[in-house]
Amino acid sequence: MPSRQTQSALPSSRSRYAAKCVPAAWLAAIALVPFAACDTPGVTLVDPDISNPNDKGTTIHVTLADSALAEALGWSQGVPNAEVVLHRFVDPFRPDTIYSDSTGRVYVTDLLPGLYWIGGYRVVTNPEQGAAIRAFGGGLKVDLPATIELEMAGDQTGSLVISELHFGGLPPVELDYPWDQYFELYNNSDSTIYLDGMLWGRAFGHSGSALYTCDELRPFREDPLGLWSVEFHQFPGAGTDYPVAPGQLVTVAMDAVDHSVAHPALPDLSRADFELTGTADPDNPDVPNMASVGLGSNLLGHGMWMSRVMFLAQAVDVTSLLIATVTGGGRWARIPADQIVDVVHSETVKLNSAPPLMAQYYCHTWVNRAFDRLDALFYRSGDSDNITSLHRRVLQYTTDGRPILQDVNASFVDFSVATLSPGRIEF
């Protein structure tokens, strides 16, 4: 789908698209003109006029959450030149990108109705802060067309962040091999941080279903007091055994072995810093183990699989956690909000795939917005794609060349999809 150009905020503006060679089903869906597929002999595609006098359009107003900072930057009316990304839930195409005007507004017409991801992003060098680079971002899911207020927050610094997620599980077509999952942590601060006792877990991320509605699941999905989890692993150590220096990267493998032995496209994780433990996985004696300390464990015996919502938390006494029975989902423990260090949540989308079968039961949010404001779209090219990861963006480099990673608390703009790179910050 072609990118829309920046639109005026005036309702009289209309967008117009040049003819493209696009899938026939999409053209039919918006009922433009009679057609056949691209390159069909004897058929000529024409530039369609899709203006609709009854289309009220969508206005998106991009603002900063910090009004004092907005005033200092001259953005009191809105954030100018902000990148606004829209993606319709059931479309298998890459998102559209548009840019806000001088008052922080964009106006888009002729959108197909439905649920959209909307992300806002702006990077700026502020001379008043010694030429420091700042990033601002935010997002939400909403049914369009509508009038939207999109509020962005500034980047956070001085923390341990999740820097890369490799989900595995979509192996080469000739090999059923999902054991090459890994994640990485990065010390984005200026001081040493200790991993001892920290938790790595999978939070509640269920959508609705024909049996359980989004409203029934909302108390667990959107709980502001913490993240509900049934599976989590704990870093070893007695307090100061596993320091992470500023700028240091830590790789944690599901199985710390050389997976390229099974297939050359798979990563070598034999030198990982930690590995998850399970009842049936190989154990690398040179790599410290992270024990499963949750209420349940993966039945396949290789440790916890990554899924929609993943979190890193401070060391807590797991026996003191609040336990509750989730609707249709067994017993879950709540990790307190003040112990959550970082959260990443994402939605896997295969390019050119059919619309999700469960779209009618899809819930708009997976976690409370205090933890993350919009999930990343993890694009896969298909079932043979096992070489991509979600990577946290590099915002800038220090004078000594150390990367500072972006953290605006919105996975949609904090992460991008790129080739996996265990043990390195590259993107």
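The values are calculated or read from the model by the stated rules, or taken from the named source; none is laboratory data. Treat the numbers as computed from the prediction; the structure is a model and nothing was measured. Cβ coordinates were reconstructed from backbone atoms using ideal geometry, including for glycine residues, and neighbour counts include every protein chain displayed.
A few comments on the model shown:
- Across region 70-121, the qualifying residues are those that are in contact with a Lys or Arg (Cβ under 7 Å, 6 or more places away or on another chain) and of a type in the set (A, V, I, L, M, F, W, C), and the one among them that is nearest to Thr147 (Cα to Cα) is Val108.
- Screening the candidates Pro92, Pro80, Pro48 for the property of being at pLDDT below 50, surrounded by 14 or more Cβ atoms within 10 Å (Cβ to Cβ) and part of a loop (DSSP other than H, G, I, E, B) yields one hit, Pro48.
- Pro219 vs. criteria modelled with pLDDT of 95 or more and not aromatic (Phe, Trp, Tyr): no
- From the list Leu199, Leu195, the lone residue that is modelled with pLDDT of 90 or more and within 22 Å of the chain's Cα centre (by Cα) is Leu199.
- The residue of region 123-137 that is modelled with the highest pLDDT, among those that are part of a strand (DSSP E or B) and in contact with a Ser or Thr (Cβ under 9 Å, 6 or more places away or on another chain), is Arg134.
- Considering residues of region 95-110 that are in a strand (DSSP E or B) and not acidic (Asp, Glu) only, the residue surrounded by the fewest Cβ atoms within 10 Å (Cβ to Cβ): Thr97
- Meets criteria (in contact with a Ser or Thr (Cβ under 6 Å, 6 or more places away or on another chain), at pLDDT 95 or above, buried (at least 18 other Cβ atoms within 10 Å of the Cβ) and not aromatic (Phe, Trp, Tyr)) for Asp273: yes
- Check on Gly168, in the same structural domain as Pro282 (by TED's automatic domain parsing), at pLDDT below 95 and at positive phi: yes
- Applying the criterion of being outside any strand (DSSP E or B) and aromatic (Phe, Trp, Tyr) to the residues of region 334-391, the residue that is modelled with the lowest pLDDT is Tyr361.
- Taken as a whole, the condition of being surrounded by 15 or more Cβ atoms within 10 Å (Cβ to Cβ), small (Gly, Ala, Ser) and out of contact with any strand residue (DSSP E or B) (no Cβ under 9 Å at 6 or more places or on another chain) applies to Ala262.
- Only residues that are of a type outside the set (S, T, N, Q) and either under 13 Å from Phe220 (Cα atoms) or in a strand (DSSP E or B) (or both) were counted across region 295-333, and they come to 15.
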